[in-house]
Structure formats: C-alpha cells, structure tokens
1. Can you name the residue in the range 81-117 that is assigned to a strand (DSSP E or B) and of a type in the set (Lys, Arg) and is also surrounded by the most Cβ atoms within 10 Å (Cβ to Cβ) among such residues?
2. Can you name every residue in the range 19-52 that is open to solvent by 60 Å² or more (accessible area, probe 1.4 Å) and touching a Lys or Arg at 6+ places or on another chain (Cβ under 9 Å)?
3. Being in a strand (DSSP E or B) and either touching a Cys at 6+ places or on another chain (Cβ under 6 Å) or touching a residue at least 40 places away in the same chain (Cβ under 8 Å) (or both) is the requirement here; does LEU43 meet it?
4. Return the residues of the range 61-70 that are open to solvent by less than 60 Å² (accessible area, probe 1.4 Å) and either part of a loop (DSSP other than H, G, I, E, B) or at pLDDT 95 or above (or both); say none if nothing qualifies.
5. Given the criteria without any contact (Cβ under 8 Å) to a residue 40 or more places away in the chain and assigned to a helix (DSSP H, G or I), does LEU21 qualify?
Amino acid sequence: MIGIPIVSVVCHCDDCQTGFLQLETLPGATPILDAACGTPCVLYRNDRVTCTKGAELLEGRKIRERSATSRLVATCCNSAMLMRLDDIRHWTPVYRDRFVGDALALEMRINTQFKPEGIALPADMASHPSIPLRFIARLISARIAMTLAYSAASSPSPCLRPMSTAGCSG
C-alpha cells in the first residue's frame, strides 16, 4: 500500500460477518472479527494496492458464487489479507491486523444495523447504522483523485510534444 488511506473503519455488514466467520474456521486462521462482530479494515484506492511478493499464495474466497467480493487469504497460513471488489468500486479494503507497526486509527463503525442481537457496541468511535455521508464523501473524493491521477498519467507532457518542422531547413 502506498499513500494515505481513504478511511479506516469497522464494518458490521452481514456479508463481512458471514465471510470472515467462514475464514476463521480454516486451519490455523486467526480471528478476524472484533468483539462486536465487526471487521476492522483500512480502505485504499485500487491504484495504491499492489502485491509485490507472494501473490501466488493468495486465494479468493466468496460467500456466494455470484458475489462481487472476494476475501483474499494467504494459503500458506490461512490469514485473511484483503478484499477485492469485482464490481465498479474503486477501493480495496485491507484487513487492519495485517499492518506491521501503526495502522491508521479506526475512525468509525459502519453498518451496525447488522450486528448480532445482544452485542453491545463499544463507545470507542462513532457508530452508524448504515453508511454515513462522511464515509461516502471520502470515497467520492478518492475516486476524483484517482481519476485525476490517471488522466495526468495518460496525458503527454507538454515538454514531450513533437516539435513542428515547419520552416526548418534540413
């Protein structure tokens, strides 16, 4: 991962809970969900996440055959690493406990309407029953920045334009 992440969240959606409960049953897998059944993850723009080593060990797991979300697991140790979103989404959630050193501080809990009954949410950060406007604004801002970066990279530099030979001799 390079650059500043979009946001650091704990997602409580039913897909995250189902998917990560399945992954936690793999031999040697470490727990993923927090005590409130949320998935702590850090979101990066897709253009800022690259596997530089061990990509051949990553295996995608889906909770449903037609799901747009693949949870990538390192097959050597059954560690959940990140999620790939096969649809038009422009971000990659990276499982927060995979960071060495200090990861971005968690900022909010989202989709808390899906938390299991009887689970109390800690008061450690803002909690939202669905997707808050602040989260959406960060995603839109990241999409704009990614589009501008792509446009700038694909446009030729004015210094590299072919020079006109009109009026030149030889």
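The values are calculated or read from the model by the stated rules, or taken from the named source; none is laboratory data. Not measured: the values here are computed from a predicted model. Neighbour counts run over all protein chains shown; Cβ positions are idealised from the backbone, glycine included. SASA here: full protein model, heavy atoms, side chains in, ligands and nucleic acids out. Shrake-Rupley method; radii C 1.70, N 1.55, O 1.52, S 1.80 Å.
1. The first filter runs over the range 81-117 and keeps only residues assigned to a strand (DSSP E or B), leaving 81-85, 91-95, 108-110.
Narrowing the set further to residues that are of a type in the set (Lys, Arg) leaves 84, 109.
On the way: ARG84: 17, ARG109: 24.
Ranking the candidates gives ARG109 first.
2. GLN22
3. Numbers: in a strand (DSSP E or B): yes; either touching a Cys at 6+ places or on another chain (Cβ under 6 Å) or touching a residue at least 40 places away in the same chain (Cβ under 8 Å) (or both): yes.
Considered against the rule, which asks whether it is in a strand (DSSP E or B) and either touching a Cys at 6+ places or on another chain (Cβ under 6 Å) or touching a residue at least 40 places away in the same chain (Cβ under 8 Å) (or both), LEU43 comes out as yes.
4. Answer for the range 61-70, where residues must be open to solvent by less than 60 Å² (accessible area, probe 1.4 Å) and either part of a loop (DSSP other than H, G, I, E, B) or at pLDDT 95 or above (or both): ILE63, SER67, ALA68.
5. Considered against the rule, which asks whether it is without any contact (Cβ under 8 Å) to a residue 40 or more places away in the chain and assigned to a helix (DSSP H, G or I), LEU21 comes out as yes.
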